[in-house]
Structure formats: structure tokens, C-alpha cells
Amino acid sequence: MDVATALTNQIALAGFVDALGQFLRPENLASVLVDGLAKAAIYVMIAGGLTLIFGLMGVLNFAHGSMTMIGAYLGGLLMVFAVGGATGAGMRLLTFFLALAATFALLAGLGGAVEVGLIRRLYDRPPVYQILLTFGLTLILDELVRIAVLFYGMQPTSDWQAALGTKPSFLAESVDLGLISVSGLSLFEIAVGIATVAGLWAFLTRTRYGLIIRAGSEDAEMTEALGIDVRRVFTVVFALGAGVAGAAGTLLMWDPAWGASVPLAADTLLPAFVVVIIGGLGTFRGTVAAAVIVGMADATTTWWFVNHVDFASLPEMTVFLILVAMLILRPQGLFGVEEVGGH
Amino acid sequence: MVTILPDIETMIAVLYFGLFAMSFDFISGYTGYLSFGHAAFYGTGAYFVVLAANGKVPLLGTATPFVYLLVLAGIAAAVLAVLIGAVSFRLSGVYFAMITLGFSQVLYVFIRDWDYVGSNPRDGPAVLERTEPFSVGVPGVDSLDLAIGQLAGDSIEGLLGFLSFGTTEVSYYMIGLVVLVCYFAMQRIIHSPFGRVLVAIRENEERAEAVGYNTFWYKLGAFAVSAFFAAVAGGLFAGFRRSVAPESSFYFLVTGDALLASIIGGFGTLAGPLYGWLFDETITEFLSKTGEGGGLLPYLRDHLGEATMATELYNGLTVGQAIDTFLNGHAELYIGVVFVLFVLFVPNGLLGTVRDRLGGPVAKRVAARLRGDER
């Protein structure tokens, strides 16, 4: 090694040490932590429904991203019409949650219809056919949305910026928390994410229907033998999963990093896959833990990209590398049971 | 006829992408392992050719004959497949599909931002350094070497006194030649004892293992072979287009297209994916905006007449607008519908169903009928 390269290496190393020192400063660490939790909240909402559907039915739903995308458009539409007209922060929040609930209901209806009309026909076939069917479904849904968007001239007009702008002013500003200042939106996303997790968890563990769902995913035949109509449970879970995906889409409409577009379907599907695989397919607990891990990794690498590393794909690549590493080291995921869904 | 048959440029895409779909079917249809990241090998082939032509692959000059590049790209992809397969084949089912998807997405996001490949990696590199066209044939023998490419290729005047081909037609036949050779090679491997083990793995892996086959090495071998041909397909694609983009090579939806072709054509029938992709491209062409090979949209516009087009259907929506809305370049929708219908009602695909009806491969049954071997 000649002197010049040695020197460059030393400078690079010194730069890295500097950067590391900067990264480890409390205010930076804290803001990365908040960012990571906000991202985790979004990831858990995108992936939560996917893992419920897989856990019970063993169906890896490729159409899940499309559900989120449709949720974003529907939610955005409702927000432009309803939230935009509302005055005052409180009313805006209230109408936002109304839009969220309406999107949830609409998407749940769509999900239920898909399960009854299409997926139900395939339960006696190998699992690969269910993957294939939902893959075909994404093509249809994405293209229908594209046609609708073109036909009504919704994009590329700036109407969708309107949905972004309907958020109450305190969400758009930063909140000062003593040592650091964080964006109000991040805190809001964390709150909605926690509420979703708590709601789903309560539904699964504290209600009778949740008990049936858990029994059905443990052993569908036995549950059937106890006199429970597992097919109807399948429909309910598919509807629930699609509804959560739709609600996640609505939440994305207030986040300037996401917004509504047809490619959003693929952009949310892949992280959702990563999260459910890392957590262990079909375990809700694992999905929450994995969403936090992926969210933190995303936030950390985003900080490094913004400040020191000149490689725009760093966060995305890290997320997929975590997926690959997880599958190599522990294929069943964090909380997964071996051989779930294998054929 | 002109309205129905796709034009020759579409047919070239059918050939090289059909080869990719066949290579996908070679591993996924015959061993049952869904290789959801197969686009990684297609992309490796495509990028290898473009980078080598720009002098960015070490030890390879910009003027290296195209056929060598195809083989080298194939070997590079096969090595990559061994590396990926060595860790992936410890998993099965959904997990295998996901780890291969993960690997290919890592490569995709890497290549999208790797500024070594070109000044604007997001749009992908084009062939800039190499001025001479890529040619298929016997390297070194000029008369057995014909260049491919829309503008750069060779054209033939008066072969055998009356045959003339434009540059696109020459490309069609030369790319078709490579695809045919690759098809026969894969066909040979499938029908060898090695190929029978692959089918045994698909039908019952535990039993295949119990009989004494080390299934891991068979799967890995099949994966490498499949990656080789996927890279050749990618190389043909890059050689004809002279440019490549991350979205059209490494992206996971490219694998999705191969999956589409395999299901429609017949999963586990080597030639099926080619027919599947022909079917797919025919629909796309038929419903495309301009309808270069004829197409439905110009046909309807010409034949429906002004009065019909202006008729109001619903709430100010005229027939003309409805046709525009639902037919103008929205082939994906109809392909999706066809795909779902195939999954539901024709699980064996076009070729598989025909074989089921005839009771064996088409060529064998037709020959048997002609010879009068039966009844």
C-alpha cells in the first residue's frame, strides 16, 4: 500500500469516527429513535393485516399492497372532501378518524368479497395457487385504480397535495421536547400505530371471536370439529386484514414521504413482506417486534445517508439485507414456529 | 390476420423474454421451488453485456464477440446462483420464495444507485463505447455472423435469389436461433436422469432423498443451469435494445412477468412459458394504444362510426370515451383477469391442458397418429 492510499484510508477512518461521534450525540440518537418509532408504526400497520391472514389461512397475500394503495386513494379522497372543509384542529382530527374508519370499512368489504368470491375456491389446492391468485389480483386492482385515476383526472393535478395539506397545523410543525424537537406527525403516527397494535391485540386476546381466530390458526380441523364455521372466520380475518391495510393507506396520506400513487402497492408490499418474515410468518407479536427493528434500521441508515454516506438506496438495501440475514440465521423468524406454511 | 398477429418487434420480445420465462419454469416448474428473485439472473446477463460493451468488465475488451459475452454472462449468473442457492436451498416453500426475492431486491436497489454502471444508474446504462453491433453466429467467421438490433443490425438482400430480410427480421431469426439452442439444451437436461431427479424432488422430496439422492446438490445444480439461461435471455435483451434499466431487469415484477407466462403457458412444461408469453404479448399488442400490429382500438375507431362513438352511455360518458378509458393501453388489466381465470379454471395452463387432452406431448401424439400406431 502506498502512502497516498494509506493517507486516504486514514482520513476516511477519521471521517467515520467523527460521524460516529456525531451520531452518538444524545440529541441525534433521540431524533433517530423517534423517527424509527414513527416508521415502525407505519410498518406495523402495513404488515399487521398480512400476518393475520397468513397466520390463520396460510395465504401469503400478494394483493395486500394494493389494498394499502386503494386505502390511500380512498382515504385521500375522503380527506379532501371532509377534512378539508373542517375548521379547527380538533374537527380535522375527528374527520380524519372518520375517514380512517370509512376506509377501513370499505376495504374490509372488498377483502371479504375477494375471499368469498376467489380465494375460497382454492383451499384444497397447494398453497402456491393462493399466492398466484393474489398476485393476479394485484394486477387487476392496480390497473383498475390506474384507469380510475386517469379517467377522473385525479393525477397529476395537485389535488393530492390538498390531502397532504389537510392535516392540522400542529402536526405539520415541530414539537419541542426539551433536548430535541420532533415533528408532530411522527408522534401522531406513533400514537396511531400503538392504537392499532393495542386494538388488534385486544381483539385477538380479549374477545371471543379473537379466541376463535387463534384456535383456527392453531388447528383449523379441530376448531371445525368443535362446531365453528372456520370458513366464515377466514372471511372475517381476510376482511380485517384488508381493512387494516386500508387504514394504513389513509395514514400514509398525511406523510409527505409517501402519498398516493399506483406504484405505492409494490412500495408497501415489499416492506410488509420483510416485516412479517423477520417477525416469523403469522405471529402478531413477531410482526410488532420486527416492525420496530426495521423501522429503527431504516431511521438509522437514513440518518447516515443524509449526513455522511453518499448512497441513496442505503436504507432500502439495509432492510432487504436484514431479511436475507434473518432467513439465513433463523428462517422461522423472531417468534415464528418452524415449518409454518412450508409445503 | 394483420389485426391478430403481433408485429415482428413484439415477436423478438416474445423470444428473449420467453427464454427467461422458460428458465424460470426450469427451476420453479420442475423442482417446485418458486424462485421469486429470478430477475436477478436476467438482470445480471443484461448488465453484463452492456457493461462489457462499455469496457467496464475487467479483462474484457469492448469488441468481445457477442456470443462469448452471452456465455460469460451465463457463467457469471450461474456462479451467483450457486452463492444464492447455497443459503437459500436450506429453506422451502414460501421461505424459499422470500429469500430469493430478498437477494434480488438487494441487487436491484444496489444497481439502481451504483454509479459505476453509468452516469445515471436509475435510468440504467446504454451501450456507448462499442460502435459495432452485437452479432450472433460463429465468432471469427464473418459470413456466419449476423448482427442484431433495430438500427444497427444486418439486413439481407436476395438470399437464394428471392429472400430479403430487414434488420429487425434478421434480429428475429438470429435471436430465435439462440433461444432455440437454449431450449433444446434445457429440454435435453430435463429428459436426462438429472432432470428426472428434479421432478422427483417436486413430487416428493423426502422420498427422493430416501432413495439416496443428495437433493441439495441437484437443486443447486438446477438453479445454476436455470440462472445460466436466464442470463443468456437477459443478454439477448440487452444486445437487441442496446440499453438496460433496473426496472426492466432486476425488479421483482420482472420475475412476476415470467411467473405470468409460466402459469398461462403451463407450469412444468418447458415450452409452455414461451406460448404463455406469446399469449401475453398478443393481448398487450392487441390492446395497445397505437396497435402497431393492427389492434382493437384503431379498429373500433375506424369501424364504429361517428354516431356510435358519440352516443352517451352514462352520465356524459360516450362510447368513444369508454373505449378510450378501458382499452387505451390497459392490457395489464385484461392479462390480470386472464391470469386469475387460468389459476382458477386452467391450472395446467395452455400447453399442459393440451397435453392432458392428447395424453402426451403434442409432437409425440401427432406422430403416433400419423403413423397409425393406435386404433
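The values are calculated or read from the model by the stated rules, or taken from the named source; none is laboratory data. Because the structure is a prediction, the values reported are computed rather than measured. Cβ atoms come from the backbone with ideal geometry, glycine included; neighbour counts cover every protein chain shown. When the accessible area is computed, the model is the full protein with side chains, heavy atoms only, and any ligands, DNA or RNA have been set aside. Shrake-Rupley method; radii C 1.70, N 1.55, O 1.52, S 1.80 Å.
Points to keep in mind about this one:
- Fraction of accessible area attributable to carbon and sulfur, segment A:224-327 (%, probe 1.4 Å): 65 percent
- Against the criterion of solvent-accessible heavy-atom surface with a 1.4 angstrom probe, A:283, B:131 sort, most first, into B:131, A:283.
- Radius 13 Å from Cβ of residue B:124, net charge of other residues (Lys, Arg +1; Asp, Glu -1): 0
- If you take all other residues with their beta carbon under 14 Å from the beta carbon of residue A:198, and give Lys and Arg +1 and Asp and Glu -1, the sum is +2.
- Estimated FRET transfer efficiency (residue A:181, residue A:328; beta-carbon r; R0 56 Å; 0.05): 0.90
- Residue range of chain B that is longest and free of GluC sites (Glu not before Pro) which are both DSSP loop and sparsely packed (at most 15 other C-beta within 10 Å): B:130-291
- Largest first, the residues B:188, B:301 sort by 1.4 Å accessible area into B:188, B:301.
- Anisotropy class of segment B:110-208 from Cα gyration tensor, a/c 1.5 cut: oblate
- Cα shape, chain A, gyration tensor, a/c 1.5 rule: oblate
- Here the dipole of segment A:101-246 is about 300 debye; that uses its Cα centre as origin and unit charges on the Cβ of Lys and Arg (positive) and Asp and Glu (negative).
- Computed over protein heavy atoms with a 1.4 Å probe, the carbon and sulfur contribution to the accessible area of chain B reaches 62%.
- Computed over neighbours whose Cβ is under 13 Å from that of residue B:354, the net charge equals +3, Lys and Arg +1, Asp and Glu -1.
- The separation of segment A:53-67 from segment B:167-202, counted between C-alpha centres, amounts to 35 Å.
- Inter-part distance where segment B:12-61 and segment B:71-138 are each reduced to a Cα centre, Å: 7 Å
- Exposed chymotrypsin sites (Phe, Trp or Tyr not before Pro) absent: longest stretch of chain B, with sites in DSSP loops and at most 13 other Cβ within 10 Å deemed exposed: B:163-375
- Global form of the protein assembly as shown, assessed from the alpha-carbon gyration tensor, a/c cut-off 1.5: rounded
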